[in-house]
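Worksheet for the structure shown next.
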Amino acid sequence: MGAEARHKVGLLEIATTLPRMTTALPSVIRGVPGLLRKPDDKESIGHIFQRVAAKTPNHPFVRFEGDTLTYGQANNLVNRYASVLTDRGVQRGDVVGVLAKNSMRTLLVALAAVKLGATAGMLNFNQRGEVLEHSLGILDSRVLVVDPDCVEALESLDEALPEKVILHADELDEKAASASAENPAATTQIKAKEKAFYIFTSGTTGMPKASLMSHFRWLKSMSGLGSMGVRLRKDDVLYCCLPLYHNNALTVSLSSVLSSGATLAIGKQFSVSNFWKDVRENEATAFTYIGELCRYLLTQDEKPNDKDNTIRLIVGNGLRPEIWKEFTGRFGIERVAEFYGASECNIAFINAFNIDRTAGFCPLPYAVVEYDDETGKAKRDGKGRLRKVSTGDVGLLLSKITDRAPFDGYSDEEATKKKLLQDGFDDGDCWFDTGDLVRQQGFRHVAFVDRLGDTFRWKGENVATTQVEGTLNSHPDVDQAVVFGVDIPNADGKAGMAAVTLRSGKSFDGQSFAAAAYKSLPGYAVPLFIRVVDSLEATSTFKSKKVELRKVGYDTDAEGDLYVLEGKSKGYVPAYDEYVEAVGAGKLPKN
């Protein structure tokens, strides 16, 4: 293992960064009271936004495709949306579903919901069919706001939703034009412990789980990540082209902007060819990333003006150690606010000291423990206690659940219970199992290594293997399918791979398989590799068999016939040598 991956954080390294942080002290100090906030405090996202708007009504708040709204204009429109939602029966404690692509309206609708004390259910607009139906069932929305571009997703449902639930975005805008712009009375009464957002995350059941984001956790993010870690200035513009249903957009980006009264520039979607053009047009001084975004930007041919940009700071997660210096050097990035966090996790790490190749520092209690490679579960010793790994080693990350760091859980109570570990080091303690492997770097710093369990991450999304297995197993030619993630050189996350056995007398039809996969799954979940084998072990040792399949991966010399995904039209074709390199360069599959 290389030195980049084995990187440890030392006292000297931290000490050398402290002089550079003197100008950031006001922002850091501003974040301290927020960390001491209690769940019962009367404070909320909408109230924070409302106060900033009252203080700086003429300062730009949000930009999108050449349009800008000031804080005052945005707050008025949010209030008008809230008034329309109230007329549709939305009350404190209800859920407002949001099925919409990136736009100013999508963000403002979410703010309108939370200003009313409702929960904004941010649906992944890539979902279709039974997956979308499952997510809608979890939300049980009083109202579902639907963007014109997302009507197709609703048409994929077997049964249409009641008309009284659906509020088309065009109708919302029409009614908002004559609605009240007064601040909702409920906004100042909402307590921090109340629900704010539902963020959907893949689970081991194969269907998405709705991770709950309370106002309390969001406000903690604003204090810890926004004020103390990211530390935007009022004149900063933070560009975010990640979907607004992603926590890096709705929590990290929005909270960082509101903590400083800065400006948020929303990109419609990530485009590797137009990224820097969009950055310049928005006059952005910072941007939000996931690791793959950075990797794709590096795949573009170098240009003499790569450093000729306005970006001084980036914030996100997944910037791999091996490309960290190459990326910051090529594009002239002064500071990387890398962080570790998850939609459901009760703690976060933030690279507050601008140290290379780390997910950062966390002041809250956590543990990095030994784990079982086959089961992915934490190991216990002869006395039933967990065992911590040494500095420099990789282990399973656990976060301690306390009054100051509560676990909000999922909409599914059983799923919540499965993520908790009791009596880990002492009688009565309780820990949240993140399912992630990290390297213990020292001085309360960690680096993200990998994701465990029946999910893997690809193209910035969590892929549930059992969901993909269900799709492949429903194909008339398939007898059994096993799905797992495999590493691709120069790519972040893991690409999907399946091992399948065919029914008697059937042969593999690459176009048919691809068509079935794309019909039922979002593009990022369609496997890139399929290996057709004679048999798959289906005994109690099934998981260890999956481990063996993962180790073999896409080796062309292994048992069975290997096929690779060329794209939606060509489907799966016999594997060839150049394929893996093309995937790593972001050139395949073409859809």
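Read the figures in this text as sums done on the coordinates, not as results from a lab. Everything numeric in this text was worked out from a predicted model, so none of it was measured. Methodologically, a virtual Cβ is constructed for each residue, glycine included, from the backbone with ideal geometry; neighbour enumeration extends over all protein chains shown.
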Quiz item: Which three semi-axes in whole Å describe the equivalent ellipsoid of the chain, each the square root of 5 times a Cα gyration tensor eigenvalue, listed largest first?
Solution: 36, 30, 25
Practice problem: Could you pull out the trypsin sites (Lys or Arg not before Pro) across the stretch 479-570 that fall in loop regions by DSSP (anything but H, G, I, E, B) with no more than 16 other Cβ atoms inside 10 Å? | Solution: ARG503, LYS506, LYS568, LYS570
Practice problem: Starting from the Cα of LYS175, draw a straight line to each of the lysines and keep only those under 24 Å, dropping any in the same chain fewer than 8 residues away. | Solution: LYS101, LYS115, LYS164
Self-check item: Coarse-grained scattering of the stretch 43-130 at q = 0.22, 0.25 Å⁻¹, given as base-10 log I(q)/I(0) from a Debye sum over alpha-carbon atoms
Solution: -1.09, -1.26
Quiz item: Ordered by packing density, taken as the mean number of other Cβ atoms within 10 Å over each peptide's residues, highest first, how do 326-334, 312-320, 483-491 rank?
Solution: 312-320, 483-491, 326-334
Quiz item: Rg (Å, one decimal) plus Dmax (Å, integer) for the alpha carbons of the stretch 362-412?
Solution: 12.9, 36
Quiz item: Can you list the HN-Hα couplings for the stretch 400-409, worked out from phi with the Karplus curve (6.51, -1.76, 1.60; θ = phi - 60°), rounded to whole Hz and with x for Gly and Pro?
Solution: 7, 8, 9, 4, 7, 9, x, 9, 6, x
Practice problem: Please report, in cubic angstrom per residue, the volume enclosed by the convex hull of the alpha-carbon atoms of the stretch 202-317. | Solution: 115
Quiz item: With each run of n ≥ 4 DSSP H residues scored as -39500 (n - 2.57), what mean residue ellipticity at 222 nm is computed for the chain after dividing by its residue count and rounding to the nearest 500 deg cm²/dmol?
Solution: -8000 deg cm²/dmol
Quiz item: Counting Lys +1, Arg +1, Asp -1, Glu -1, what net charge surrounds LEU136 among other residues with beta carbon under 13 Å of its beta carbon?
Solution: -3
Exercise. Give me the net charge of SER504's neighbourhood, meaning all other residues with Cβ under 14 Å from the Cβ of SER504; Lys, Arg count +1, Asp, Glu -1.
Key: -1
Self-check item: FRET efficiency, ASP40 to GLU414 (Cβ-Cβ, R0 35 Å, nearest 0.05)
Solution: 0.80
Exercise. Take peptides 440-452, 164-176, 226-238 and line them up by average Cβ neighbours within 10 Å, highest first, as a rough protection proxy.
Key: 226-238, 440-452, 164-176
Quiz item: So which DSSP H runs in the chain come out at 20 Å plus along the axis (Cα) with average Kyte-Doolittle of at least -0.5?
Solution: 71-87
Practice problem: Order these peptides, 386-394, 522-530, by their mean beta-carbon neighbour count within 10 angstrom, highest first. | Solution: 522-530, 386-394
Quiz item: What full-extension length gain, to one decimal in nm, is calculated for ARG385 and ARG51 as 0.36 nm per residue of separation minus the Cα-Cα distance?
Solution: 115.5 nm
Practice problem: Using the number of other C-beta atoms within 10 angstrom as an exposure proxy, rank GLU344, GLU283, GLU163 with the fewest first. | Solution: GLU163, GLU283, GLU344
Exercise. Pairs of Cα atoms under 8 Å, at least six residues apart: use those to get the relative contact order of the chain, whole percent.
Key: 12
Practice problem: Just grab the label-to-label distance for ASP67 and ASP301, each label 7 Å out from Cα along the Cβ direction, in nm (one decimal). | Solution: 3.7
Exercise. Once you have the Cα-Cα distance between ASP426 and ASP534, take 0.36 nm times their residue separation minus that, and quote the gain in nm to one decimal.
Key: 34.0 nm
Self-check item: Packing-based exposure ordering (other Cβ within 10 Å, fewest first) of TYR576, TYR366
Solution: TYR576, TYR366
Quiz item: Taking K and R as +1 and D and E as -1, what net charge do the other residues with C-beta under 10 Å from the C-beta of SER103 add up to?
Solution: -1
Quiz item: For ASP235 and ALA582, what does the FRET efficiency come to when R0 = 56 Å and r is the distance between their Cβ atoms, rounded to the nearest 0.05?
Solution: 0.85
Exercise. Quote the relative contact order of the stretch 455-584 in percent (integer), defining contacts as alpha-carbon pairs under 8 Å separated by 6+ residues.
Key: 25
Quiz item: lysines within cross-link reach of LYS307: Cα-Cα under 19 Å, excluding same-chain residues under 8 positions apart?
Solution: LYS277, LYS325
Quiz item: Dividing the convex hull volume of the alpha carbon atoms of the stretch 455-584 by its residue count, what do you get in Å³ per residue?
Solution: 101
Exercise. Could you tell me the distance between the Cα centroids of the stretch 318-355 and the stretch 492-521, to the nearest Å?
Key: 35
Quiz prompt | Spacing of the two label points (7 Å from each Cα toward its C-beta) at ASP356 and ALA177, in nm | solution = 5.6
Self-check item: Under 20 Å from LYS195, Cα to Cα: aspartates and glutamates that are on another chain or at least 8 residues apart
Solution: ASP40, ASP41, GLU43, ASP94, ASP140, GLU344, ASP403, ASP408, ASP412, GLU413, GLU414
Practice problem: Please give, to one decimal in nm, the separation of the simple spin-label points placed at VAL552 and GLN189, each 7 Å out from Cα toward the Cβ. | Solution: 6.3
Quiz prompt | ³J(HN,Hα), Karplus 6.51/-1.76/1.60, whole Hz, each residue of the stretch 246-261, x for Gly, Pro | solution = 8, 4, 5, 8, 6, 9, 5, 5, 5, 5, 5, 5, 5, 5, 10, x
